[in-house]
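Coordinate-derived values only; no laboratory data. Just so it is clear, the structure is predicted and the values come from calculations on it, not from any experiment. A quick note on method: Cβ atoms are made from the backbone with ideal geometry, for glycine too, and the neighbour counts reach across all protein chains shown.
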Amino acid sequence: MLAIPVLLGVSVGVFLMIAFIPGDPATALAGDTASPDAVARIRVELGLDQPLPVQYLRFLERLAHGSLGTSIRTHRDVTVEILDRLPYTLELALVAVLFSTTLGVSLGVIAAVNRGRAADLVTMGIAMVGLSVPTFFLALIGIVVFSLKLHWLPVTGAATIASVILPAVSLSLHSAAVKARITRSSMLEILGQDYLRTARAKGLREEAVIWRHALRNALIPVSTIVGLQFGSLLGGAFIIETIFGWPGVGLLAVQAIFNRDFPVIQGTVLLVAVAYLVTNLVVDLLYAWLDPRIRYA
Amino acid sequence: MRRSLIAGLVLLFTACTTAAPSPGASASSGSKVGGMVTFAAITDPETLDLHQTSNPVASTIFGYIYEPLVYQDLDNSYKGLLAESWTVSPDNKTITFALRKGITFTDGSPFNAAAVKFTYERLQRVGAKSPIFETFKSVAKMDAPNDSTFVLTLSEPYAPIFHDLAVSYAGILSPSAVQAVADKIDRAAVGTGEYKLKEWQTGQQVTLERNEKYDHAPAFYKNRGAAFIQQIRYKVIPDPATQLAALEAGEIDQLGLQAKDIAKYGADKRFAIFDSFAYGLTYLGFDAARPPFDDARLRTALSRAVNKDEIVQTVFGGTLAKIACCPIAPSIQGYDEKLKQYELKYDPAAAKSGLEALGYKASADGTRTKPDGTAFKPVLYTTTSSDHTKISTLIQAQLKAVGVDLQVKQLESAALLAATPRAEHDLYLNGYSWNEPDMFSLFLSCDRVKTSNRVLFCDQTLEAMIKAGRTELDQAKRMQIYFDAQKYTMQQAPWQPLYMPVSKTAVSARVADLKQGQAGGLLWHDAYLK
């Protein structure tokens with residue numbers, strides 16, 4: 001229920017932000033050579049001649065009817081524009097989250113189990129690099145190595161399964177590093193606990209102790225990170241989608257911002273807000289599954 | 001993932017089915033038919049509604065799908081495309097077009113005068129976003145007395161009309177195709193052009209398919225029939241570094257090069273390099289509407305401090321730009337070598353003495369103050385593009401050399417367009433692109449001071465010349481008017497023209513018989529894949 005005031009707050013925020021961005025959509029749309037008359041006509045057509053509160057109420061009214069309005073640039077329904085892009089964003093987000101979680105958690109466990117030894121140093125070294133190198137740089141390096149030198153993967157587009165690999169991996173490495181560090185520290189905390197000694201005393205194999213008993217508890221903080229990352233990726237990975245020409249929500253939002261296509265900007269920002277709310281809810285439910293002691297009244 | 005797999009299979013399937021040219025097509029044009037070329041586009045075309053956009057990607061796509069009544073030949077003169085010929089009435093107000101017979105739209109319906117009338121009436125009704133909307137406001141009457149005669153009556157003579165009728169936005173729509181989708185043609189483009197719209201995958205690519213029935217290409221082509229290349233694809237790649245990587249990887253067949261890449265690709269056997277001039281130029285403008293730059297003497301003094309050669313050499317490596325002397329770029333009708341004598345050439349000594357004479361005295365550190373003793377820190381507004389960043393830095397240094405402390409403010413394009421009518425700026429660095437000497441009325445007329453005239457220059461002498469140029473249909477007289485207008489503008493100095501952009505395009509060596517246009521780009525109709 002808290003979701004509704006949050007969404008209203010976001011909608012006001014987005015609306016005001018747009019009012020303060022320099023640049024007028026009618027001018028941007030009409031182009032460099034437009035006459036004052038043409039600009040005025042477009043402004044009326046878009047309802048931009050109305051005072052801000054009126055524009056906002058109209059926006060809310062449309063929203064209440066389940067419509068995000070019509071894109072200024074394409075004249076298409078914003079919902080349609082977003083739904084066109086959402087499958088791509090979903091695909092990219094899922095692959096990126098799966099990859100980064102698998103990689104990050106594995107590295108974290110290896111580091112924790114081998115604490116202080118070479119394996120720990122190497123994995124944490126890799127994590128440090130992953131944290132420090134900017135995503136766009138990883139993306140460009142990936143293109144040079146895997147597309148231009150090795151010819152394994154396409155540079156751009158979303159036409160084949162291979163297309164998702166470079167963008168998803170570039171997106172993953174930073175969060176894999178975060179997840180590796182968190183998994184390591186929370187594993188270290190848990191590995192010293194009594195119940196693990198009990199498990200070992202029962203005669204359980206070491207693998208079962210680590211992967212079934214210790215890791216499950218260590219994953220609680222990791223699941224928070226996974227949720228946050230997934231939430232933000234659903235709103236589109238702005239930079240990666242732009243670099244790879246990935247036709248997702250992020251690219252749509254970037255183009256909308258350059259074109260001052262306000263309804264589309266509002267739509268994509270609301271989508272991000274909804275995605276965060278939903279993933280937070282899912283993460284809360286996930287806690288209860290990971291640790292049955294957590295109960296929601 | 002499954003969606004992607006399906007998409008992949010579909011793509012594979014279409015690739016297989018289109019690889020083999022249709023039998024009828026190959027019989028008429030031999031073995032050249034087939035294949036696909038891919039171009040990079042920085043954005044989607046936003047809409048393919050011919051009358052509701054000024055998007056450059058959409059414009060190039062319109063050029064393949066639609067055809068206007070006339071086209072601009074390589075010598076900049078106008079010839080008939082869908083029109084066979086035309087006559088102009090003695091009062092220069094009525095143009096009677098004799099239309100080509102036997103042409104059909106790609107939906108099978110016939111092209112006729114009613115289609116022309118239908119198209120232009122729709123433009124008048126919904127076309128506020130079209131670059132030629134203004135032109136059609138001066139159309140008083142349109143008649144289609146029979147299928148092959150179309151009569152256009154103007155409320156007053158308008159010389160640039162043929163330019164405006166030749167742009168891709170002036171293409172003719174198929175009325176039956178428009179009615180079939182209840183006027184929603186944003187994704188349903190049907191014309192008489194050499195290609196048809198095959199598919200638009202939002203955010204990804206637009207694919208065009210050859211119109212095998214096409215038979216009336218402009219006379220400058222060897223191939224007057226259907227195009228050879230089976231499909232043309234515009235792939236959305238927003239990032240310039242990725243575009244370059246895509247060219248390297250063979251995912252796109254053509255790319256405009258940046259200065260840093262020219263040497264490398266010029267020597268690369270996998271590509272051929274084509275040069276073309278832009279229809280326009282970049283200028284340094286002054287906000288002529290308010291002090292201190294309402295004074296032509298101050299504008300002249302600062303113009304003299306600008307070293308264009310240094311800009312062309314440093315920013316463009318001497319290859320991607322050509323110095324522009326005069327308001328009309330060398331690629332556009334109306335350019336005249338003889339105007340060079342009036343150019344405000346680089347002369348720092350003259351700049352300094354001009355500033356001195358106006359009372360801008362140098363203080364102890366060499367920086368000049370205004371005549372009233374306050375600081376003189378004029379602000380230059382420009383875009384955030386990397387070229388403009390480099391040029392404004394250079395100009396800053398060049399003005400510093402004569403004691404002027406120039407401030408630079410860079411705004412992202414949309415913000416810049418909104419800021420200039422408010423006259424926040426003192427100087428303005430940007431370009432224009434308009435293939436008609438009437439660019440004066442867009443960029444330097446009183447009518448446009450609140451929009452496209454971004455130097456807010458409004459001068460009655462020039463205004464009279466602009467008006468005369470617009471209404472004079474006699475070619476020689478009209479060019480004399482623009483000669484005088486340019487000379488006058490150079491004396492008034494609202495602009496210091498800097499350079500005309502030159503583009504160098506790398507095209508994959510698998511493309512044969514690609515034709516070089518005089519300016520404006522490459523002509524693909526003769527081209528085929530080796």
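Tell me the trypsin sites (Lys or Arg not before Pro) within region B:197-302 that lie in a loop according to DSSP and have at most 10 other beta-carbon atoms within 10 Å.
On the way: sites: B:Lys198, B:Arg210, B:Lys213, B:Lys222, B:Arg224, B:Arg233, B:Lys235, B:Lys260, B:Lys264, B:Lys269, B:Arg270, B:Arg297, B:Arg299; in loops: B:Lys213, B:Lys222, B:Arg224, B:Lys269, B:Arg270.
Here the sparse-neighbourhood loop sites are B:Lys222, B:Lys269.
Mind running the shape call on region B:418-527? Use the C-alpha gyration tensor, a ≥ b ≥ c as the square roots of the eigenvalues: rounded below 1.5 for a/c, prolate if a/b tops b/c, oblate otherwise.
Values: a/c = 2.80, a/b = 1.62, b/c = 1.73.
It is oblate, given that a/c is not under 1.5 and a/b is not larger than b/c.
In peptide A:242-248, what is the residue-averaged number of other protein chain Cβ atoms found within 10 Å of each Cβ? Working shown, then result.
Working: counts 4, 6, 5, 15, 4, 7, 1.
What the average comes to for A:242-248 is 6.
Pairing the Cα long axis of helix A:215-234 with the longest principal axis of chain A, what angle in degrees results, from 0 to 90 and rounded to the nearest 10?
20 degrees
Normalising by the residue count of region B:34-127, find the relative contact order in percent from Cα pairs under 8 Å and 6+ residues apart.
On the way: 82 pairs, mean separation 16.0, N = 94.
RCO, region B:34-127: 17 percent.
Quick one: helix A:3-20 against the long Cα principal axis of chain A, what's the angle to the nearest 10°, folded into 0 to 90?
50 degrees
Positive end of the charge dipole of region A:145-243 (Lys, Arg +1 and Asp, Glu -1 on Cβ, about the Cα centre): tell me which of A:His151, A:Leu196, A:Gly227 has its Cα farthest that way.
A:Leu196
Please report Rg (one decimal) and Dmax (integer) in Å for the Cα set of region B:244-324.
18.6, 56
Starting at the first residue of region B:238-244, write each ³J(HN,Hα) from the Karplus equation 6.51 cos²θ - 1.76 cosθ + 1.60 with θ = phi - 60°, in whole Hz, x for Gly and Pro.
x, 8, x, 5, 5, 4, 5
Would you mind classifying region B:169-258 by shape? Square roots of the alpha carbon gyration tensor eigenvalues, ordered a ≥ b ≥ c; an a/c under 1.5 is rounded, otherwise it is prolate if a/b is larger than b/c and oblate if not. Let's see the in-between values first.
Working: a/c = 2.54, a/b = 1.37, b/c = 1.85.
In terms of gyration-tensor shape, oblate.
Using the Karplus equation 6.51 cos²θ - 1.76 cosθ + 1.60 (θ = phi - 60°), what ³J(HN,Hα) coupling, rounded to whole Hz, does each residue of region B:344-355 give in order, writing x for Gly and Pro?
Taking θ as phi minus 60°, the curve returns 7, 6, 4, 7, x, 5, 5, 4, 5, 5, x, 5 Hz for region B:344-355.
Just checking the output field for B:238-250: average partner chain Cβ neighbours within 10 Å of each residue's Cβ? Mind dumping the intermediate values first?
On the way: counts 11, 10, 0, 6, 10, 3, 3, 9, 8, 1, 5, 8, 2.
Average per residue, whole number: 6.
Percentage of Cα-Cα pair distances in region B:82-217 greater than 17 Å, rounded to whole percent?
Details: 5711 of 9180 pairs.
Roughly 62 percent, rounded to a whole number.
Around B:Ala493, which amide H atoms from residues at least 5 apart in sequence, or from another chain, sit under 5 Å from its own amide H, with H modelled in the peptide plane?
none
Do me a favour and compute the ellipsoid semi-axes for region A:143-297 from its Cα gyration tensor, root of five times each eigenvalue, largest one first, whole Å. If you can, show how the numbers build up before the last one.
Working: eigenvalues 295, 103, 22 Å².
The equivalent ellipsoid of region A:143-297 has semi-axes of 38, 23, 10 Å.
Got the relative contact order for chain B handy, in percent, Cα pairs under 8 Å and 6 or more residues apart?
Values: 1053 pairs, mean separation 95.7, N = 530.
With pairs under 8 Å counted, the relative contact order is 18 percent.
Residues of B:182-189, mean number of Cβ from any other protein chain within 10 Å of their own Cβ, rounded to a whole number? Can you show the working numbers first?
Numbers: counts 0, 0, 2, 0, 3, 2, 0, 0.
Mean shielding count: 1.
Please list the non-local residues whose amide H lies under 5 Å from the amide H of B:Ala159, H modeled 1.01 Å from N, same-chain partners needing a gap of 5 or more.
For B:Ala159, whose amide H was placed from the backbone, the distant partners under 5 Å are B:Thr471, B:Glu472.
Exposure proxy check: A:Ile220, B:Ile332 ranked by fewest other beta carbons within 10 Å? Mind dumping the intermediate values first?
Working: A:Ile220 17, B:Ile332 23.
Lowest to highest Cβ neighbour count: A:Ile220, B:Ile332.
With 20 Å as the limit, write out which pairs from B:Lys222/B:Lys530; B:Lys467/B:Lys487; B:Lys260/B:Lys345 have Cα-Cα distances beyond it, or answer none. Please list the in-between numbers first.
Numbers: B:Lys222/B:Lys530 17 Å; B:Lys467/B:Lys487 16 Å; B:Lys260/B:Lys345 28 Å.
With Cα atoms farther than 20 Å apart: B:Lys260/B:Lys345.
Mind running the shape call on the protein assembly as shown? Use the C-alpha gyration tensor, a ≥ b ≥ c as the square roots of the eigenvalues: rounded below 1.5 for a/c, prolate if a/b tops b/c, oblate otherwise.
Values: a/c = 1.93, a/b = 1.46, b/c = 1.32.
Prolate, since a/c reaches 1.5 and a/b exceeds b/c.
Mean residue ellipticity at 222 nm from the helices of the protein assembly as shown, using -39,500 (n - 2.57) per DSSP H segment of n ≥ 4 over the full residue count, to the nearest 500 deg cm²/dmol? Display every interim value, and only then the final one.
Details: 30 runs with 373 residues, N = 827.
Calculated from helices alone, the mean residue ellipticity at 222 nm is -14000 deg cm²/dmol.
Averaging over all projection directions, find the projected area of the Cα convex hull of chain B and quote it in nm² with one decimal place.
Values: hull surface 107.2 nm².
Computing the convex hull of the Cα atoms and averaging its projections yields 26.8 nm².
For region A:29-119, calculate the relative contact order in percent as a whole number, restricting contacts to Cα pairs under 8 Å that are 6 or more residues apart. All intermediate terms of the calculation are to be shown ahead of the outcome.
Details: 29 pairs, mean separation 10.3, N = 91.
That works out to 11 percent.
Can you run phi through the Karplus equation (6.51, -1.76, 1.60; θ = phi - 60°) for region B:329-338 and list ³J(HN,Hα) in whole Hz, with x for Gly and Pro?
5, x, 7, 9, 3, x, 5, 9, 3, 5
Suppose the chain between B:Asp309 and B:Lys137 were pulled fully straight at 0.36 nm per residue; how much longer would it get relative to their current alpha carbon spacing? Write out the running numbers ahead of the final one.
Numbers: separation 172, 0.36 × 172 = 61.92 nm, distance 4.20 nm.
Using 0.36 nm per residue and subtracting the Cα-Cα distance, I get 57.7 nm.
Calculate how steeply helix A:165-191 sits against the longest principal axis of the alpha-carbon atoms of chain A, using the helix alpha-carbon long axis, and give the answer as 0 to 90 degrees to the nearest 10.
Taking Cα atoms only, the helix is inclined about 40 degrees.
What's the FRET efficiency of B:Arg510 with B:Lys390 using the Cβ-Cβ distance as r and R₀ = 35 Å, to the nearest 0.05?
On the way: r = 34 Å, r/R0 = 0.98.
That pair, B:Arg510 with B:Lys390, gives E of 0.55.
Considering chain A as a Gaussian network with a 10 Å cut-off on Cα pairs, which listed residue, A:Pro167, A:Pro87, A:Pro53, attains the greatest mean-square fluctuation?
Looking only at A:Pro167, A:Pro87, A:Pro53, the biggest GNM fluctuation is shown by A:Pro53.
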